[in-house]
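Values quoted throughout were computed directly from the atomic coordinates according to the rules given, and no laboratory measurement underlies them. This structure is a prediction, so every number in the text was calculated from the model and none was measured. Counting neighbours? That spans all protein chains shown, and the Cβs are built from the backbone with ideal geometry, glycine included.
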Amino acid sequence: MISVIIPIYKSELYLEQAILSILGQRNVDIELILVNDDSPDNSEEVCSKYLLQDKRVKYIKQLNQGPAHAMNNGVRASSGEFIMFLDGDDWIDKNCLDEIISAQLNSNADIVFWNYMKEFGTHSERVVPFCSEATIFEGKNLALLQRRVVGLINDELYNISKFDQISSGWGKLYRRDLFDQDEYCLVGIDGKDNFDTELIIRLFAKSTKILFINRDFNHYRMYNINSLTKTYKGGLFAKQKHMFLSLFKFLEQNESDESSYLALNNRIATCILNNILSITSPNNNTNIFRKFRLIREILHDDLYKNSIRKFQFRFVRPVHFIFFKMCRWKFALGILCAAFIIRKLK
């Protein structure tokens, strides 16, 4: 059985499509676990409708604790041999689960992951796949993949948009026992939400075989007004910093090589991109001077300063070279202006 877990928060407009994309799967034994993170909209009514209609649906409502707690509670309530996550505003193709479970059974992989489509409302855009064909990662090949999920190094930095290409919690099928081996992969020992990146790094590190299949099964909605880059997330860098420090500790505990530390350092140096998109969000009502100060706080943080000094500037594109040099020089005004340009181009 596959347990599909949907964490729900402010996804009322799109939730039904996500639910139907799971319940409409062919030839697969599934349970669908809907975890309502105290969403203030009418998501609960949507959940109740399908809870009454289909015995495969389970429903959990929790106090607002964040997506990692929702995913964690879903895993605890699940009974499947395999686990999969889906965001409440996304959906999957109708043959997705049938094909990925067949791929897992044929390969005996601990994790299966696949490609996705970006959905803009007016058109769809295929993401350039991680590999051009189905690939099994094990042995030395797996070690490279485990480092790659930490971050990019050397020539990989030429396209920095690929930093998070494989670090999402969704778009993957997991053996359940991976979660049993690491009870803190979703919610840390301190009770704080882990980012998807931390989840994937920890689970990849515990895997002995991982399979990539070059199929575009997931559909990632780009026009949800509640998404990260369209919503101001106060304290985002503080949360990221907590994750980075946790990952440094994880790398030490696992006696990781220097390439993993370099990859993590590069990830920290480039994290300002997501931060400035959040800070310049249209629904961040703070004035321009406050936005300027928020960027300066990141640039003067000791962890960030150390990382941008060690960043592999020579491998990035010229436009990114200039941008990250401004970060190195702590030119906050220039970065703020660049942020508004980037947002206009997105």
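Brief remarks on what is shown
- By other beta-carbon atoms within 10 Å, ranking Glu138, Glu45 with the fewest at the front produces Glu45, Glu138.
- Mean Cα-pair separation over length for segment 231-345, i.e. relative contact order, pairs under 8 Å, 6 or more apart, %: 30 percent
- For the chain, relative contact order (Cα pairs under 8 Å, six or more residues apart, normalised by length) works out to 18 percent.
- Whole-Å distance, taken between Cα centres, linking segment 273-346 and segment 3-25: 35 Å
- Cα gyration tensor shape for segment 1-140, rounded if a/c is under 1.5, else prolate or oblate: prolate
- Förster radius 45 Å - calculated FRET efficiency between Ser79 and Lys239 (Cβ-Cβ, nearest 0.05): 0.90
- Listed by Cβ neighbour count within 10 Å, with the fewest neighbours leading, Thr135, Thr270 appear as Thr135, Thr270.
- Net charge of Cβ neighbours under 10 Å - reference Asp38; Lys, Arg +1; Asp, Glu -1: -1
- Each Lys or Arg adds one and each Asp or Glu takes one away; over the other residues whose Cβ falls under 12 Å from the Cβ of Ala70, this sums to -2.
- Order of Glu252, Glu12 - criterion: other Cβ atoms within 10 Å of each residue's Cβ, fewest first: Glu252, Glu12
- Computed [θ] at 222 nm, deg cm²/dmol, the chain (DSSP H ≥ 4; -39,500 (n - 2.57); rounded to nearest 500): -14000 deg cm²/dmol
- Once C-alpha pairs closer than 8 Å and six or more residues apart are averaged by separation and normalised to the residue number of segment 121-273, the relative contact order reads 37 percent.
- Interatomic Cα distance distribution for segment 193-346, bins of 5 angstrom, percent: 1, 8, 16, 18, 18, 17, 13, 6, 2, 0, 0
- Residue pairs, from the table Lys140/Lys330; Lys140/Lys310; Lys172/Lys249, whose Cα atoms sit over 29 Å apart: Lys140/Lys330
- Evaluated over the chain, the Cα radius of gyration and Dmax, each in Å: 20.1, 59
- Shape call, segment 105-196: gyration tensor on alpha carbons, a/c limit 1.5: rounded
- Secondary structure note: in the chain, about 40% of the DSSP beta bridges are antiparallel.
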